[in-house]
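*Asks:* Okay, here's the structure, questions in a sec.
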Amino acid sequence: MRPARPLRPVLLPPRDMPRRRNFGSPAGRSALLHALAHIELNAIDLAWDIIARFQDPGLPREFYDDWVDVAAEEAEHFALLGDRLAALGIMYGDLPAHDGLWEAAAATAHDLLARLAIVPLLLEARGLDVTPEMIARLERAGDATSAALLRRIYRDEIGHVAAGVRWFENLCRRRGLDPEAVFHDRVRRYFSGTLKPPFNREAREAAGLPRRWYEMIGVEAG
C-alpha cells in the first residue's frame with residue numbers, strides 16, 4: 001500500500017535523477033530545496049505509517065505520541081520549504097524526484113525494528129552528516145534565508161533520530177535483544193547502499209546514537 005501522492009513530481013529511479021547543479025546559481029539552490037521538500041513529504045508519510053502499520057497493544061502510548069510529533073514537524077518542514085521554493089519562483093512538483101525513501105518503508109513493512117534501524121537510525125542520521133555542509137554552501141552563495149531554514153530543520157532532525165534510538169533500544173530491551181547486534185543485523189539485511197565517513201559525530205551523539213553502531217557498519221560497507 002502506498003500513500004496518496006500528487007500527480008507531480010515525476011518519480012524517477014535514483015540512477016536517472018539529474019545531477020544537482022551548483023548551489024551558487026538560483027536553479028541549483030531550487031533543485032536542492034526541491035529535493036529536500038520531497039524528502040520531507042516522504043518523512044511525513046513514514047511517521048504516520050509507523051503509527052498505522054505497527055499497531056501493538058504492548059507498545060506504550062508515548063511511542064505513538066512521539067511519531068505524531070515527528071509527523072507534525074516534518075509537515076512543518078515541508079510547508080516551510082514549499083514557501084521558500086515559491087519565493088525562488090518554483091513549486092514542489094516542478095522538478096523530478098525519486099522514491100528511495102518509500103522503498104525503504106516497503107522493505108521494512110513487516111519488522112518494526114528494521115523500520116527503526118533503516119529510517120531514523122540510518123537514513124535520517126545520514127541527513128545529519130550532510131546538512132551542515134549544505135548550510136555552509138548556501139551561506140557562501142549568499143542565500144542566508146535558505147541556510148537558516150536548513151539550520152532549523154537540522155535541529156529538529158536530531159530529535160527525530162533521538163526518537164528512533166530511544167524506541168529501538170526500548171524494543172530491544174523488551175525482547176531481550178542486544179541493540180547493537182540487532183542494528184547491524186537489520187542494516188545488513190535491509191540496506192543495500194553504503195555508509196561511509198565522514199560522520200557528524202556531534203549531532204549523532206546529541207541524538208544518542210552510539211558511535212560503535214555506525215562506525216562498524218561504515219567499515220564493513222567500505
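What follows is calculated from the coordinates using simple rules that are stated; it is not laboratory data. The structure displayed is predicted, hence computed values, not measured ones. As a convention, Cβ positions derive from the backbone with ideal geometry for all residues, glycine included, and neighbour counts pool all protein chains shown.
*Asks:* Considering every Cα-Cα pair within the chain, what fraction, in whole percent, is farther apart than 33 Å?
*Replies:* Of all Cα-Cα distances in the chain, 14 percent exceed 33 Å.
*Asks:* Using the basic label-point model (7 angstrom from Cα toward the beta carbon), what is the Val10 to Glu133 distance in nanometres?
*Replies:* Inter-label distance under the simple model: 2.9 nm.
*Asks:* Can you give the FRET efficiency to the nearest 0.05 for Glu103 and Glu76, using r as the Cβ-Cβ distance and R₀ = 30 Å?
*Replies:* 0.75
*Asks:* Angle, helix 125-140 long axis vs. longest principal axis of the chain, Cα atoms, 0 to 90°, nearest 10?
*Replies:* The angle comes out at about 20 degrees.
*Asks:* OK, next. Using square roots of five times the C-alpha gyration tensor eigenvalues, list the equivalent-ellipsoid semi-axes of segment 113-222 in whole Å, biggest first.
*Replies:* Whole-Å semi-axes of the equivalent ellipsoid: 28, 15, 10.
*Asks:* Taking the Cβ of Glu139 as the center, what net charge do the other residues with Cβ under 11 Å away carry, scoring Lys and Arg +1 and Asp and Glu -1?
*Replies:* +1
*Asks:* Please compute the net charge surrounding Arg2, taking Lys and Arg as +1 and Asp and Glu as -1 over other residues with Cβ under 11 Å from its Cβ.
*Replies:* Once all neighbours under 11 Å are counted, the net charge is -3.
*Asks:* Return an integer: the convex hull volume of the alpha-carbon atoms of segment 1-93, in Å³ per residue.
*Replies:* Considering the Cα atoms of segment 1-93, their hull volume per residue is 112 Å³.
*Asks:* Each label point is 7 Å from the Cα along the Cα-to-Cβ direction; what then is the distance between the points at Asp178 and Asp111, in nm?
*Replies:* 1.7 nm
*Asks:* I would also like to ask the following. Using only Cα positions of segment 38-137, each an equal point scatterer, no hydration layer, compute I(q)/I(0) via Debye at q = 0.17, 0.22, 0.24 Å⁻¹ and quote the log10 values to two decimals.
*Replies:* Computed log10 I(q)/I(0) values: -0.87, -1.28, -1.41.
*Asks:* What is the angle, in °, between the Cα long axis of helix 144-174 and the longest principal axis of the Cα atoms in the chain? Nearest 10 is fine, range 0 to 90.
*Replies:* 10 degrees
*Asks:* Also, I was wondering about something else. Take the Cβ-Cβ distance between Arg61 and Met17 as r, set R0 to 35 Å, and report the resulting FRET efficiency rounded to the nearest 0.05.
*Replies:* 0.30
*Asks:* For segment 102-133 and segment 25-79, what is the separation of their Cα centres, given in Å?
*Replies:* If we compute the Cα centre of each part, the gap is 11 Å.
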